[in-house]
Each structure stands twice: as C-alpha cells, then as structure tokens.
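Working notes, structure below.
FYI, it's all coordinate maths here, none of it is from the lab. Only a predicted model underlies this, so the values are computations on that prediction, with no experimental measurement involved. As a convention, Cβ positions derive from the backbone with ideal geometry for all residues, glycine included, and neighbour counts pool all protein chains shown.
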Amino acid sequence: MSLCDAEKTFILHGVAENFRSDGRDREGYRPIEIETDIVQHAFGSARLRLANTDILVAVKIEVDTPLPERPFEGKIEFFVDCSANATPDFEGRGGETLAIELSNILASAYKSPKTFNLKKLCILKGKKCWKLYVDILILECGGNLFDAVSLAVKAALFNTKVPLIKSVNIDGDNVELDVSDNVFDCERLDVTNAPVMVTVCKIGDNCVVDPNLAEEQCSVGSIVVAISQEYFSTVTSIGIGSLHAQTLCSSLELGQKVGIRLNEALMDTLSHITSDQDFGFLK
Amino acid sequence: MPVDHKRINGPEESVPYELFARLSGLTSEKAFEQLYKAGKRSDGREFEEHRKIFLKNGAVSQAKGSAYIEMGQTKVIVSVFDPREIPNRSDYSLKGELYCEFKFAPFSCAKRRLHQQDNEEKQYSCIMKKALESAVCLHELPNFQVDIYALVMHNDGSALSAAITAAGVALVEAGVPMYDIITSVTVGIQQGVKLVDPDSLEEQMCQVQFLSEKYQDNNHGLLIISKLHTQEQLCQFYQNGYVSLEVLKSGLEVLSKTCEVIVPLVQKCLIKHITNGIKS
C-alpha cells in the first residue's frame, strides 16, 4: 500500500485531533474476534481476527529431555509461518525475516520465569519434560501483527491441556511414563502472567496503539512492548526510525496502560468461552 | 535446528564440563550476594562504570572498512564491504539496504557454538541491522546493499553493544554516508541494582529470578540501547526479562549517560584515522 502526501497529512491531522480515520481515539483498538479449541489434533488452539489480520495458533506437546543446564525446566518453542495467502510478499522466502523477528520476540517475552513458569512442565528432573511447540500461522495480514500474534498465543496456551501423568517408572536409565487413559484427565497451563504485546506507533507528535496499514506507513518510529501484569517482559524497537528518549518514555507509559487493559479484556473473554459455542469458519 | 553435516559437529549429545562444576560452585544468587555486599563488582568496577575500551579501525585489510573492539575480555571484529547491487531483486528500490550478520565464533563462549547461525545470533543480527539502518543515509545508496559482518572472538558479556559501536566506526572508514556517530551500551538489572556493561557472569545473573525470601524485588533483565549522539535519538532499544516502568526509565537514563562517555573514544579513533590518511 502506498499513500500520497495528502492522505498522509489527513492521517497525521486525525491523530493530532485524537480522532483517527476509522473513528477511534489514540488508545483504541479495532474489534477483536477470538475463538478457541478449533483444531482437533492440537492440544490447544485459538484463532484471532483483529480487523483484517487473521492468526491461527495451535499448540502441540511432546516429551523431551530437559537441557543439561536447566534440568528442572520444560521447553517452549515458537514457530511462525507467514503463509503466502496473506500477502504475495511472503511468497518463497519473503516472510522469513518477519517470521524470525516474531518468533524471537515471543521467545524473549516468554523467557523470564515470572511470565511463564517452565518448571511446571518438568516431569522428571534432568530426564523427561514436556516440550510445547507453538505454531503460529498468519492467514491474513492487515497490520499490527505483533499484538494479534501475542493475543492469539496467549489464548491458545490458555486453551492448552497437558496430559496427566499417573506414574513414572524408572528402570536403570529407562524412564517409562504412564499417561492417564482418560482423555479428559488433563491439566491447564497457568497463563495469568503470560505477556501481551502492544505496538506503539509514533505518528506526528503523538503515539497511537493498534495502527492499521495506512497508519503504519505514516509512522516515524515504533516500539513493541510485551506487558506481563504491570511489568515489561520485552521492549524492542521495530522498523526504521529513531525516537527521542522522552518520546520513548511516553510511549512506554502508553504501552503499559493499554497492555494492562488489553490483558484484562482478554482474560475476561477467555474465561467466558464455553465449549459448546458454535462459530467461526472452521467449525 | 538444521545442522551442517559437512562439518565436524562433535558428538551429538556432548555437554560442556563446566556445567557439572558449576552445580557445586558459585550460583548466580551467591555471586550477587557477594557483589552486593562488597558494593563493587568482581573486577573492581563501580556498578555504573563501563569497562575500559580499546577501539581500532582498519583491522581487516581486505575489507573496505573494519574495526576491532575490546571491552574487558570481550573481543569483536567488524568488517564492512563495498556497496553492491541488491542480489536477487528485480525491481529498483530508491533506498539502500543493509545486511548484517552477527556471529559468535565456535570457541567464543563457554558452550561451543555451531558454524550455522542459531536463533540468538539471528536475533542479534536483526537488532544490529535495526540500529545501523537509522544511522546510515540509505537514500544516498539507491538500489545498493552494504554488507556488515560482526564476529565475536571472545564473549565476555555485552558483545552486541560492542559490535554495534565498532560497526559505526567500520562504516565511517568504509566511506558510507552517515547521519551521526552511533554508540551502544548494555545494562543488566537485578534487584534494582544496575550493572553497566555486564560481563558474561553478570549477564547470566540478570537473566534469572532469585528464589530466596530476602529478594522481594522482581526486577531482572537486560537493556540494550544504541544512541545517535548529536541528535540525541535512540535508534534501537531492546529489553528482556521482567522490569517495571520506573526501573526501565532510570535504566534508560543511565544508558544515555554512559553512551556519552563512549562518544569521545569513537571520535578520537575517527580523528586518528583521518590524520593518518592525510599523512600518508
């Protein structure tokens, strides 16, 4: 998408007046649609649609050996796949850099034990642990990918059911796991502290959240903040452009404020989802 | 992780022996306690004091521009090559591009690194590219790509910051048009203590959450910024861990101040480069 100067000025003035081109104020999000438990073969899944951005996340669980330097912890890994369906730019290896950036930011945001406790995923110290594979598929790309992906990941992890292990038998070096026969015997993951990401975009003299594609074009610099409770688990600047230290501070404040609200809204919505609801394109 | 099968990768499941030694020795928590009691760091520095820096340009004769930096034990070499046409591109782009490759040498860390870039290195390459893109006048290099390679020969913490600072010098030597001098500093945060330019042990210390009761403060993490000196712009900012807003803000101030300390060093190195050029 390319904009002419007049269009850019229009967006710029709109942001200065706190009335953006789609009627939102600077701290407002576009409507978000979320549904969970939509992939049969996954242990947890979620689909999120934020305006035109469509994300599908599925969590697979496998048994693995813990890293020797972290014998008490399980593992979590993020894979992002930018499907060429989303935009033709992703064709071939086009989406690779974006995919790496997204998965690195997610990994960094989930790294601290305060945000996501990997110790719960340990089965037997130094021998066996659960490994979570979080696969993120970008179906449609309508701006603000970081926020959408983090919300979808959190929803999918909320929905994830870890199989219950009845007993562990150790015979020499062999470890045998006895998984419960009942498929409904499972544990939920604790995601209350899992981070949500907010992209804060500087347009003109002001900062906005949830920029659409046109607004992303007018931005002079943007940062992504991952908020876990009121703490920052990752902050990183994205795209070309630099910020003054003061602007950075004010965008951090804005990001924190919006992130806390966003997290509350998400947790509230997730707790109200019941299993018999019937909607979405995959059901 | 794809593995390069043409090289010797060592036994499939080998583990560095230090792991077994460390379990009985000094844990991060104990190391922090010692450091906190002494009010000084293990190498005699204050908490907010940067290590001594050795910076030299022209380290690689084949490259258009290059720089070698030493910060304590951390040693990084950066080389910049001639701008060339962007490969595999059919359309003409008005702006130039940077290609950054950040690599740890296999022997640079306690654990052996593979020859192929792993995720951490890819992430560091991204951060480095982001920092340098804002410092280079990309519109002066239409349809060209500048290649920047950073190789860490010894990693003793803050390797990324060292690489970015050195890359700035290397770019100047290569004659790439730039807006400003770029400097970068890392700070580690643990229990409200800010450790400027942490070494690898301190970096590790700042990545973990202390479990014992006496440490109530949850703040821990690493902050890295790159700053354009004259314009006072932060062209790159990265934080991980778990940090509150106040700590983040005060950390930012400390980082900005420390960046100013490094600027004269970079300036001196550049002046030396020019005077040498005139003499010869």
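Looking at region B:95-120, which of its residues are in contact with a Phe, Trp or Tyr (Cβ under 6 Å, 6 or more places away or on another chain) and either assigned to a loop (DSSP other than H, G, I, E, B) or closer than 24 Å to B:TYR17 by Cβ (or both)?
Let us first name the residues in region B:95-120 that are in contact with a Phe, Trp or Tyr (Cβ under 6 Å, 6 or more places away or on another chain), namely B:96, B:101-102, B:113.
Correct list: B:GLY96, B:ARG113.
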Filtering region B:128-164 down to residues that are surrounded by fewer than 24 Cβ atoms within 10 Å (Cβ to Cβ), within 11 Å of chain A (Cβ to nearest Cβ) and within 13 Å of the chain's Cα centre (by Cα) yields B:LYS129
Residue within region B:175-194 that is among the aromatic types (Phe, Trp, Tyr), within 11 Å of chain A (Cβ to nearest Cβ), closer than 21 Å to A:THR236 by Cβ and free of Cβ contacts under 8 Å to residues at least 60 places away in the same chain present:
no
Within region A:103-134, the count of residues that are touching a strand residue (DSSP E or B) at 6+ places or on another chain (Cβ under 6 Å), over 22 Å from B:GLU121 (Cα atoms) and among the hydrophobic types (A, V, I, L, M, F, W, C) comes to 7
Considering residues that are closer than 24 Å to B:GLY221 by Cβ, under 15 Å from the mean Cα position of the chain (by Cα) and either crowded, with 23+ Cβ neighbours inside 10 Å or away from chain B (no Cβ under 14 Å) (or both), the number found within region A:193-211 is 6
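Can you tell which of A:ALA156, A:ALA214 is part of a helix (DSSP H, G or I), surrounded by fewer than 24 Cβ atoms within 10 Å (Cβ to Cβ) and either touching a residue at least 12 places away in the same chain (Cβ under 8 Å) or within 10 Å of another protein chain (Cβ to nearest Cβ) (or both)? Can you show your working first?
Working: A:ALA156 fails: surrounded by fewer than 24 Cβ atoms within 10 Å (Cβ to Cβ).
Of A:ALA156, A:ALA214, the one residue that is part of a helix (DSSP H, G or I), surrounded by fewer than 24 Cβ atoms within 10 Å (Cβ to Cβ) and either touching a residue at least 12 places away in the same chain (Cβ under 8 Å) or within 10 Å of another protein chain (Cβ to nearest Cβ) (or both) is A:ALA214.
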Filtering region B:187-224 down to residues that are more than 21 Å from A:LYS119 (Cβ to Cβ) and of a type in the set (Lys, Arg) yields B:LYS194
Per the filter on region B:218-250, residues under 19 Å from B:CYS126 (Cβ atoms) and not in a strand (DSSP E or B) are none
Expected output for region A:77-103 (first residue within 13 Å of chain B (Cβ to nearest Cβ), partner among the polar types (S, T, N, Q) and part of a loop (DSSP other than H, G, I, E, B), Cβ below 9 Å, 6+ apart or cross-chain) is A:GLY94/A:THR87
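Please work out if B:GLN117 is within 14 Å of chain A (Cβ to nearest Cβ), without any contact (Cβ under 8 Å) to a residue 40 or more places away in the chain, surrounded by fewer than 18 Cβ atoms within 10 Å (Cβ to Cβ) and in contact with a helix residue (DSSP H, G or I) (Cβ under 8 Å, 6 or more places away or on another chain).
On the way: within 14 Å of chain A (Cβ to nearest Cβ): yes; without any contact (Cβ under 8 Å) to a residue 40 or more places away in the chain: yes; surrounded by fewer than 18 Cβ atoms within 10 Å (Cβ to Cβ): yes; in contact with a helix residue (DSSP H, G or I) (Cβ under 8 Å, 6 or more places away or on another chain): yes.
Criteria met by B:GLN117.
Select from region A:162-177 the residues that are part of a strand (DSSP E or B) and of a type in the set (D, E, K, R) and write down the one among them that is nearest to the chain's Cα centre (by Cα). Break it down into steps so the answer makes sense when it comes.
Going residue by residue through region A:162-177, those that are part of a strand (DSSP E or B) are A:162-163, A:165-171, A:174-177.
Checking which are of a type in the set (D, E, K, R) leaves us with A:166, A:171, A:176.
Numbers: A:LYS166: 32, A:ASP171: 40, A:GLU176: 34 Å.
Here the residue is A:LYS166.
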Taking region A:246-261 and the residues there that are surrounded by 18 or more Cβ atoms within 10 Å (Cβ to Cβ) and within 26 Å of A:LYS111 (Cα to Cα), the one that is farthest from the other protein chains (Cβ to nearest Cβ) would be A:VAL258
Considering region B:248-259, residues that are under 17 Å from the mean Cα position of the chain (by Cα) and free of Cβ contacts under 8 Å to residues at least 60 places away in the same chain, and then whichever is surrounded by the fewest Cβ atoms within 10 Å (Cβ to Cβ), we arrive at B:SER256
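For region B:127-143: of the residues being assigned to a helix (DSSP H, G or I) and touching a strand residue (DSSP E or B) at 6+ places or on another chain (Cβ under 8 Å), which is farthest from B:ILE224 (Cα to Cα)? Working first, answer last.
The initial filter retains those residues of region B:127-143 that are assigned to a helix (DSSP H, G or I), namely B:127-133, B:138-140.
Filter again for touching a strand residue (DSSP E or B) at 6+ places or on another chain (Cβ under 8 Å), leaving B:127-133, B:138.
Details: B:ILE127: 10, B:MET128: 11, B:LYS129: 14, B:LYS130: 12, B:ALA131: 11, B:LEU132: 14, B:GLU133: 16, B:LEU138: 24 Å.
That would be B:LEU138.
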Per the filter on region A:1-41, residues closer than 30 Å to A:GLU187 by Cα and either in contact (Cβ under 8 Å) with a residue 60 or more places away in the chain or in a helix (DSSP H, G or I) (or both) are A:ILE32, A:ILE34, A:GLU35, A:THR36, A:ASP37, A:ILE38, A:VAL39
Checked A:GLY126, A:GLY92, A:GLY143 against criteria (under 15 Å from the mean Cα position of the chain (by Cα), at positive phi and assigned to a loop (DSSP other than H, G, I, E, B)); the one match is A:GLY143
Margin query: When you scan region B:58-73, do you find a residue that is outside any helix (DSSP H, G or I), closer than 21 Å to B:CYS109 by Cα and among the polar types (S, T, N, Q), even just one?
Written below: yes
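Suppose we keep only residues that are among the basic types (Lys, Arg) and more than 24 Å from B:ALA162 (Cβ to Cβ) within region B:211-254. Which one would you say is farthest from the other protein chains (Cβ to nearest Cβ)? Full working, then the answer.
Kept after step one, since they are among the basic types (Lys, Arg), are these residues of region B:211-254: B:214, B:227, B:249.
When the remaining residues are screened for being more than 24 Å from B:ALA162 (Cβ to Cβ), the result is B:214, B:249.
Values: B:LYS214: 17, B:LYS249: 6 Å.
Here the answer is B:LYS214.
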Going through region B:82-111 in order, the residues found to be touching a residue at least 40 places away in the same chain (Cβ under 8 Å) and acidic (Asp, Glu) are B:ASP82, B:GLU85, B:GLU97, B:GLU101
